[in-house]
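A.B. asks: Structure provided below as structure tokens; questions to follow.
The values are calculated or read from the model by the stated rules, or taken from the named source; none is laboratory data. The structure presented is a predicted model; accordingly, all values stated were derived computationally and were not measured. Please note: Cβ atoms are built from the backbone with ideal geometry, for glycine as well, and neighbour counts cover all protein chains shown.
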Amino acid sequence: MRHLSLLALLASTAVLAACSGETGDPVEPVAPDTAVEAADETTTDVAEVPAGPDLTVLAEVINADWRASSQDRDSSRHPQETLEFFEIDPSGTIVEIWPGGGWYADILAPWIHANGGQYVAAHFDAESDSENRRRSRAAFEAHVANAEIYGDVQIVDFNSDTALALEPGSVDTILTFRNIHNWMSRGYAERAFADFHTALAPGGTLGVVEHRLPSTREQDPGASSGYVQQAYVIALAEEAGFELVGASEINANPADTADHPMGVWTLPPVRRSPAADSEQAADFDRAAYDAIGESDRMTLLFRKPAASE
């Protein structure tokens, strides 16, 4: 593990003023009081530049200016409580799987960089056959290009055709937010968890947030609604060799019944609605779904057993 001393942004300015006289008629001596007043008028105070956020502190990163447009979703996603539950050591190597547009990367990358760690984004293949995926990858690369904030972000490929491109045992923590249903729909969820287990060092951890299907409902193997049973996720992880460390209700939403006409995407932030000329549109109440808020989510922490175990 690497550790970095506290990052401080310090700046100061100094203004030096000098006066010069011209030759000419003699000038009457300046009275002492007048001289003091003149000196006061020419004195320039040095402005104090406020210190920037201490990016080694998670709470300060979450409240940083570059997250201003994302902070309205903090009340639904609880980033501080979630990352604290995952027991992340920001001086290590942390991988985020499919970071999308960078909502969590805006927190993780600066925090990890400031603490001497390495943030790794496992994103779509830059040469993907899908134009949408290529654009998504390019947009993310541009989003985290500011090394002063994000540090040296490492980006690797991960998708249905490409295993997680990291050295075995080289990672301390892997995080995935609302992605498992996508892997299930494409038939490689088992392989994904196996990839994570291989990449993690013994004792390394896997943090999972996923849309939760009630245990009383039948699990669609393809997760077409976007919801997954918590027991199913635990089974996937344990089959890959992980052990469950704990489960949290940090991201629970009891108002979500997980039976919406457009699946989980009916809810914010996607907010899909039926086509205006469809039968579903007749009694569809957009406001009612917006009132539910974001989905009910499981928050799980797994560990790859240490070699001695």
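A.B. asks: With Arg272, Arg303 as the choices, which residue is farther than 18 Å from Asp74 by Cα, exposed (fewer than 15 other Cβ atoms within 10 Å of the Cβ), out of contact with any Lys or Arg (no Cβ under 7 Å at 6 or more places or on another chain) and not small (Gly, Ala, Ser)?
C.D. replies: Result of the check over Arg272, Arg303: Arg272.
A.B. asks: Look through the range 74-104, keep the residues that are of a type in the set (A, V, I, L, M, F, W, C) and farther than 19 Å from Val245 by Cα, and return whichever of them is surrounded by the fewest Cβ atoms within 10 Å (Cβ to Cβ).
C.D. replies: By that ranking, first place goes to Trp103.
A.B. asks: Take the residues in the range 275-292 that are surrounded by 16 or more Cβ atoms within 10 Å (Cβ to Cβ) and out of contact with any Lys or Arg (no Cβ under 8 Å at 6 or more places or on another chain), then tell me which one is farthest from Gln229 (Cα to Cα).
C.D. replies: Phe284
A.B. asks: Looking at the range 198-205, can you tell me whether even one residue there is touching a helix residue (DSSP H, G or I) at 6+ places or on another chain (Cβ under 8 Å), aliphatic (A, V, I, L, M) and surrounded by 15 or more Cβ atoms within 10 Å (Cβ to Cβ)?
C.D. replies: no
A.B. asks: Being of a type in the set (D, E, K, R), closer than 19 Å to Phe196 by Cα and part of a loop (DSSP other than H, G, I, E, B), is that true of even one residue in the range 143-156?
C.D. replies: no
A.B. asks: Run down Ser273, Ser295, Ser278 and say which single residue is in a loop (DSSP other than H, G, I, E, B), free of Cβ contacts under 8 Å to residues at least 12 places away in the same chain and out of contact with any Pro (no Cβ under 6 Å at 6 or more places or on another chain).
C.D. replies: From the options Ser273, Ser295, Ser278, the qualifying one is Ser278.
A.B. asks: Among the residues that make up the range 105-116, is at least one of them of a type in the set (S, T, N, Q) and buried (at least 21 other Cβ atoms within 10 Å of the Cβ)?
C.D. replies: Looking for residues that are of a type in the set (S, T, N, Q) and buried (at least 21 other Cβ atoms within 10 Å of the Cβ), one finds at least one in the range 105-116, hence yes.
A.B. asks: Just need a number here: residues in the range 118-166 that are touching a Lys or Arg at 6+ places or on another chain (Cβ under 6 Å), of a type in the set (Gly, Ala, Ser) and under 17 Å from Asn179 (Cα atoms).
C.D. replies: Result for the range 118-166: 1.
A.B. asks: Taking the range 79-134 on its own, how many of its residues are farther than 22 Å from Ala165 by Cα, in contact with a helix residue (DSSP H, G or I) (Cβ under 9 Å, 6 or more places away or on another chain) and part of a loop (DSSP other than H, G, I, E, B)?
C.D. replies: Selection size over the range 79-134: 1.
A.B. asks: Looking at the structure I just gave you, is Arg135 more than 19 Å from the chain's Cα centre (by Cα), basic (Lys, Arg) and modelled with pLDDT of 95 or more?
C.D. replies: yes
A.B. asks: Suppose the filter is in a loop (DSSP other than H, G, I, E, B) and either in contact (Cβ under 8 Å) with a residue 24 or more places away in the chain or out of contact with any helix residue (DSSP H, G or I) (no Cβ under 9 Å at 6 or more places or on another chain) (or both); does Ala288 pass it?
C.D. replies: So Ala288 does not fit the description; no.
A.B. asks: Test Ser225 against the stated conditions and say whether it is of a type outside the set (Asp, Glu) and either touching an Asp or Glu at 6+ places or on another chain (Cβ under 9 Å) or closer than 14 Å to Met184 by Cβ (or both).
C.D. replies: yes
A.B. asks: Could I ask something else about it? Is it fair to say Asp285 is over 29 Å from the mean Cα position of the chain (by Cα), of a type in the set (D, E, K, R) and modelled with pLDDT of 95 or more?
C.D. replies: The answer is yes for Asp285.
A.B. asks: Then there is this: Quick one: in the range 257-270, which of the residues that are among the hydrophobic types (A, V, I, L, M, F, W, C) and in a loop (DSSP other than H, G, I, E, B) is farthest from Arg217 (Cα to Cα)?
C.D. replies: Val270
A.B. asks: Further question: Looking at (1) modelled with pLDDT of 95 or more; (2) in contact with a His (Cβ under 8 Å, 6 or more places away or on another chain); (3) not β-branched (Val, Ile, Thr), which is the only condition Pro79 fails?
C.D. replies: (2)
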